Amino acid sequence: AQSVTQPDIHITVSEGASLELRCNYSYGATPYLFWYVQSPGQGLQLLLKYFSGDTLVQGIKGFEAEFKRSQSSFNLRKPSVHWSDAAEYFCAVGPMNRDDKIIFGKGTRLHILP
Amino acid sequence: DVKVTQSSRYLVKRTGEKVFLECVQDMDHENMFWYRQDPGLGLRLIYFSYDVKMKEKGDIPEGYSVSREKKERFSLILESASTNQTSMYLCASSSGQGNQPQHFGDGTRLSIL
């Protein structure tokens, strides 16, 4: 069955520290992969997406993610977090056709210590 | 700046009422989506549409219907609201053939009493 797992419900890091949020997927074919961020009281914003090609993808707000086929993972990273990065992050997997739907992970809430 | 606008941020309705949630996008996107978001359950797709007057069921369409009479507007309708429909509702849109939402509205927090 197709699924997306974000193993960490909550993560706390200090401001200025590096960040890695984990995402694992189960999918029948090479999927298209996404990371979204949801700040408090707002909708989701697309941070980055992977369709094909270079497995290291750059996104907005200084985030990047690396697709590792052998590990079925698409982890999100940032070298130095800012207090404004406190939010909930969602990994998602989906095809590029209209017959199937994107699948979201349950989210990881990021807390930033001053 | 591109925008998906949901008509209400907060809404309180009573059981049995017919409820309309409105969503408008200004990006001329073909695809529009309605999700509900609940703690511990993540985002679940209710309905989506990839053209005017077209609609497709998502994962949890029961108790809901949608209307897309114009390209920019996608309405979610709760035919007879029930307390288990208390939730955050998110509208989204995207362009192209893909089925992934690109831009989200800020959400409507709906409470059914």
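The values are calculated or read from the model by the stated rules, or taken from the named source; none is laboratory data. No experiment lies behind these values; they were computed from the predicted model shown. Reconstructed Cβ throughout: ideal geometry from the backbone, glycine too, with neighbour counts over all protein chains shown.
Every condition in (1) touching a residue at least 60 places away in the same chain (Cβ under 8 Å); (2) out of contact with any Asp or Glu (no Cβ under 7 Å at 6 or more places or on another chain) is met by A:Ala65 except one, and the failing one is (1). Pull up the range A:34-62, narrow it to residues that are among the aromatic types (Phe, Trp, Tyr) and touching a Phe, Trp or Tyr at 6+ places or on another chain (Cβ under 7 Å), then point me to the one that is farthest from A:His111 (Cα to Cα). Ranking the candidates gives A:Phe51 first. Screening B:Pro101 against (1) within 14 Å of another protein chain (Cβ to nearest Cβ); (2) at pLDDT 95 or above; (3) surrounded by 19 or more Cβ atoms within 10 Å (Cβ to Cβ) leaves a single unmet condition, (2). For the range A:71-108, the set of residues classified as in a strand (DSSP E or B) and either modelled with pLDDT of 95 or more or away from every other protein chain (no Cβ under 14 Å) (or both) consists of A:Ser73, A:Phe74, A:Asn75, A:Leu76, A:Arg77, A:Lys78, A:Ala87, A:Glu88, A:Tyr89, A:Phe90, A:Cys91, A:Thr108, listed by residue number. Checking each residue in the range B:59-71 for being within 23 Å of B:Lys3 (Cα to Cα), within 13 Å of the chain's Cα centre (by Cα) and not hydroxyl-bearing (Ser, Thr, Tyr) picks out B:Val66, B:Arg68.
This table checks each residue for (1) within 15 Å of the chain's Cα centre (by Cα); (2) not hydroxyl-bearing (Ser, Thr, Tyr).
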{"position": "A:Ser3", "(1), (2)": "yes, no"}
{"position": "A:Asp8", "(1), (2)": "yes, yes"}
{"position": "A:Thr12", "(1), (2)": "no, no"}
{"position": "A:Ala29", "(1), (2)": "no, yes"}
{"position": "A:Gln45", "(1), (2)": "yes, yes"}
{"position": "A:Lys61", "(1), (2)": "yes, yes"}
{"position": "A:Phe67", "(1), (2)": "yes, yes"}
{"position": "A:Phe74", "(1), (2)": "yes, yes"}
{"position": "A:Phe90", "(1), (2)": "yes, yes"}
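If only residues of the range B:32-55 that are more than 12 Å from the chain's Cα centre (by Cα) and facing chain A (nearest Cβ under 8 Å) are counted, the one that is farthest from B:Glu69 (Cα to Cα) is B:Gly40. For the range B:10-67, a residue qualifies if it is touching a helix residue (DSSP H, G or I) at 6+ places or on another chain (Cβ under 9 Å) and among the hydroxyl-bearing types (Ser, Thr, Tyr), and the qualifying residues are B:Thr15, B:Tyr64. Do you know which of the residues in the range B:58-80 that are among the acidic types (Asp, Glu) and free of Cβ contacts under 8 Å to residues at least 40 places away in the same chain is nearest to the other protein chains (Cβ to nearest Cβ)? Within the range B:58-80, the match that is nearest to the other protein chains (Cβ to nearest Cβ) is B:Asp59.
When the residues of the range A:33-53 are filtered to those that are at pLDDT below 90 and out of contact with any Asp or Glu (no Cβ under 8 Å at 6 or more places or on another chain), the one that is farthest from A:Ile102 (Cα to Cα) is A:Pro40.
Restricting the range A:25-70 to residues that are in contact with a helix residue (DSSP H, G or I) (Cβ under 9 Å, 6 or more places away or on another chain) and assigned to a loop (DSSP other than H, G, I, E, B) leaves a set whose member that is nearest to B:Asp106 (Cα to Cα) is A:Ser39.
Across the range A:24-63, the qualifying residues are those that are more than 16 Å from A:Glu88 (Cα to Cα) and among the charged types (D, E, K, R), and the one among them that is surrounded by the fewest Cβ atoms within 10 Å (Cβ to Cβ) is A:Asp54. At least 2 residues being surrounded by fewer than 22 Cβ atoms within 10 Å (Cβ to Cβ) is the threshold, and among the strands (runs of 3 or more DSSP E) wholly inside the range B:21-78 those reaching it are B:31-38, B:42-49, B:64-70, B:73-78. Does the range B:8-27 contain at least one residue that is of a type outside the set (A, V, I, L, M, F, W, C), within 16 Å of A:Gln45 (Cα to Cα) and within 11 Å of chain A (Cβ to nearest Cβ)? There is no residue in the range B:8-27 that is of a type outside the set (A, V, I, L, M, F, W, C), within 16 Å of A:Gln45 (Cα to Cα) and within 11 Å of chain A (Cβ to nearest Cβ).
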